Amino acid sequence: MIAWTFLSCLIGALLLLLLPRQWINTARWLALVTASVSVSVAVVAYFGYKTGPDAEVFQYVFKCEWIPLLGIQVHLAADGISLVLLLLTGLVAVTGILFSWNVEYRPKDFFAFFLLIIAGCYGVFLSFDLFLLFLFYELVIVPKYFLIAIWGSSRKEYGAMKLVVYSVVGSVLVLVGLVTLYVVSGLETFDLLELSHASYPEAVQFWAFPVLFLGFAILAGLWPFHTWAPTGHVAAPTAASMLLAGVVMKLGAYGALRVAMPLLPEGLEDWRITIAVLSTIGILYGAGVALVQRDLKFVIGYSSINHMGFVLLALVAGNTFGYSGAVLQMFSHGALAALLFAVVGRMIYDRAHTRDLDMLGSMDLGRGLSFAAVTFTIASIAAMGFPGFSGFIAELTILLGAWEAFPIFAILAVVGILITAAFTLRALQQSFFGERPAGERSSRHSAPAWPPITLSEKLGAGLLVATTLFVGLYPSPFLELILNSLKSPLMEGLI
């Protein structure tokens, strides 16, 4: 059953490519129905997952031989960590399509590429054969290039190519690491659970772990290998920005947590402090650079580096708080980043045709686009970690884990939170509540007559706001799933 998350998206993408080019509205509805089916499967799996003392950690298992000569299988399964990220993927998929309802240029191709990326993300979160995981990981690369290069803006060819180059470099490192695991283990299998029982020499782990971890961490925006992210986010169309920041960056963090860390624990110990240092620099650097940006989309792009720094710091904390906070932050940041990019890219830029903070401040957007102003305000205070929203409980859990492992880095992370509040409030004030020129302030004319916010935009924003509020007010269901996953033989050796 769980395979229908990605199978439905693959089928939907194929049907979209077969549609006549003039069936624009049909393409939109087909994409929305496909994404809705996939997220419905994830929701059913979430409610059907058992967490009792006698329940297996890995459920919905499907295994069959694929390439027996190489020990490659189709091995799918899900635990609590997978389910949380499946729900995130489905949420961003549905809302991304809702915010792309206005796409007129080659919409069937646009939505087909979008669904292919979604299928790849689902597949990564479900694959327990590393060869299969790598195939789904690679499936994401080509569609995201075309989404940016064809439908993007702001140096779109440069942003798309830079994103692909970094992705390919990361993929090569991941492939080297996976082949090393296959050869050194001597088991002649790519099965993740079987490889976790193998013994790898410490000398091999010392060099193989950073190769494998870095291959994944490049996609997670680890400093100083992060520069693809801001340019890629800014160049991408709205739905692609939502997907890149909301889900694709999580593939890297997930790969590090699921593969590199449990299979090479001694290598993790050797490099733990180094990764913690780079993650903390990413937190401070991302926040500091966001503080001086003039382009609103760049502000959000660099804030993603800041928030993913918290995820990576939490991963190497090596305790229950750290792992729980990392996964919760992946979900929280995924929803909030998608919401922020949706407001900036669709609600503001498609109407005002600028993202410059000075120009936006003179447009009286607070009155002219009141729904966008309210939504951006809610998303901003949630991203700052305001109590009652998902960002608060995620960052609090991360800080507890970081304090237990690295008190100094935890203190520096708090400084990063303060800078985050500064750049978020600055962006909010200058974009929506800036002062209009003196001559216009004295005018009796009302705010500009911007095109109204559409129903699809309101539905997409409502889903994302409701999600971050629900997780912030009642995080227990997600935390229980995550904690249950830490009891598996694959993960328990890390704590």
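The values are calculated or read from the model by the stated rules, or taken from the named source; none is laboratory data. Because the structure is predicted, anything quoted here is derived from the model rather than measured. Cβ atoms come from the backbone with ideal geometry, glycine included; neighbour counts cover every protein chain shown.
Some observations on this one:
- Taken as a whole, the condition of being under 18 Å from the mean Cα position of the chain (by Cα) and under 21 Å from G255 (Cβ atoms) does not apply to I495.
- All positions within the range 191-208 that are outside any loop (DSSP other than H, G, I, E, B) and over 24 Å from A77 (Cβ atoms): E202, A203, V204, Q205, F206, W207, A208
- Residues of the range 291-326 classified as touching a Lys or Arg at 6+ places or on another chain (Cβ under 9 Å) and either at pLDDT below 90 or in a helix (DSSP H, G or I) (or both), total: 10
- Take the conditions (1) under 21 Å from N306 (Cβ atoms); (2) modelled with pLDDT of 90 or more; R426 misses just one of them, which is (2).
- With respect to the stated conditions, A335 is aliphatic (A, V, I, L, M) and in contact (Cβ under 8 Å) with a residue 24 or more places away in the chain.
- Among the residues here, D79 qualifies as within 26 Å of D129 (Cβ to Cβ) and either of a type outside the set (S, T, Y) or touching a Ser or Thr at 6+ places or on another chain (Cβ under 8 Å) (or both).
- Of everything in the range 471-495 that is touching a residue at least 24 places away in the same chain (Cβ under 8 Å) and farther than 30 Å from H197 by Cα, the residue that is surrounded by the most Cβ atoms within 10 Å (Cβ to Cβ) is V471.
- A count restricted to the range 6-17 and to residues that are farther than 14 Å from L32 by Cα and buried (at least 23 other Cβ atoms within 10 Å of the Cβ) stands at 1.
- Any hit, the range 251-271, residues being without any contact (Cβ under 8 Å) to a residue 60 or more places away in the chain, in a helix (DSSP H, G or I) and surrounded by 24 or more Cβ atoms within 10 Å (Cβ to Cβ): yes
This table checks each residue for (1) aliphatic (A, V, I, L, M); (2) in contact with a helix residue (DSSP H, G or I) (Cβ under 8 Å, 6 or more places away or on another chain); (3) within 24 Å of R426 (Cα to Cα).
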site: D270; (1), (2), (3): no, yes, no
site: L284; (1), (2), (3): yes, yes, yes
site: V289; (1), (2), (3): yes, yes, yes
site: R294; (1), (2), (3): no, yes, yes
site: A317; (1), (2), (3): yes, yes, no
site: A326; (1), (2), (3): yes, yes, no
site: V343; (1), (2), (3): yes, yes, yes
site: I378; (1), (2), (3): yes, yes, yes
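- Meets criteria (touching a strand residue (DSSP E or B) at 6+ places or on another chain (Cβ under 7 Å), of a type outside the set (A, V, I, L, M) and surrounded by 15 or more Cβ atoms within 10 Å (Cβ to Cβ)) for F190: yes
- F113 vs. criteria out of contact with any Cys (no Cβ under 9 Å at 6 or more places or on another chain) and crowded, with 22+ Cβ neighbours inside 10 Å: yes
- Cβ separations smaller than 6 Å between residues 6+ apart or across chains give the following pairs from the range 1-25 residues that are more than 12 Å from A112 (Cα to Cα) to residues that are at pLDDT 90 or above and among the aromatic types (F, W, Y): I2/Y60; T5/Y122; F6/Y122.
- Selection of first residues in the range 133-160 that are free of Cβ contacts under 8 Å to residues at least 24 places away in the same chain and of second residues that are small (G, A, S) and surrounded by fewer than 19 Cβ atoms within 10 Å (Cβ to Cβ), restricted to Cβ pairs under 6 Å at least 6 apart or on distinct chains, gives the following pairs, ordered by first then second residue: E157/A149.
- Residue check for V94: of a type outside the set (G, A, S) and surrounded by fewer than 16 Cβ atoms within 10 Å (Cβ to Cβ): no
- Among the residues of the range 165-187, those identified as farther than 17 Å from L214 by Cβ and surrounded by fewer than 20 Cβ atoms within 10 Å (Cβ to Cβ) are V183, V184, S185, G186, L187.
- Test: residue in the range 66-77 that is under 23 Å from T238 (Cα atoms) and either touching a Cys at 6+ places or on another chain (Cβ under 7 Å) or not aromatic (F, W, Y) (or both): no
- Scan of the range 354-411 for residues that are closer than 25 Å to T320 by Cβ, of a type in the set (G, A, S) and not in a helix (DSSP H, G or I), ordered by number: G385, G388
- Top-ranked residue of the range 335-392 - restricted to ones that are surrounded by fewer than 17 Cβ atoms within 10 Å (Cβ to Cβ) and of a type in the set (F, W, Y), ranked as farthest from S100 (Cα to Cα): F386
- Long-range neighbours under 7 Å by Cβ, at least six apart or interchain, first residue more than 26 Å from L473 (Cα to Cα) and at pLDDT below 80 within the range 360-388, second in a helix (DSSP H, G or I) and of a type in the set (F, W, Y): L365/F432; G366/F432
- The set of residues in the range 475-495 being assigned to a helix (DSSP H, G or I) and either in contact with a helix residue (DSSP H, G or I) (Cβ under 7 Å, 6 or more places away or on another chain) or modelled with pLDDT under 85 (or both) consists of F478, L479, L481, I482, L483, N484, S485, E492, G493, L494.
- Restricting the range 26-45 to residues that are in contact (Cβ under 8 Å) with a residue 40 or more places away in the chain and under 19 Å from R106 (Cβ atoms) leaves a set whose member that is nearest to the chain's Cα centre (by Cα) is A35.
Results for (1) under 23 Å from A466 (Cβ atoms); (2) of a type in the set (A, V, I, L, M); (3) free of Cβ contacts under 8 Å to residues at least 40 places away in the same chain, shown as yes or no for each residue.
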position: L87; (1), (2), (3): yes, yes, no
position: G90; (1), (2), (3): yes, no, no
position: T95; (1), (2), (3): yes, no, no
position: L98; (1), (2), (3): yes, yes, no
position: P107; (1), (2), (3): no, no, no
position: F111; (1), (2), (3): no, no, no
position: I117; (1), (2), (3): no, yes, no
position: Y122; (1), (2), (3): yes, no, no
position: F125; (1), (2), (3): yes, no, no
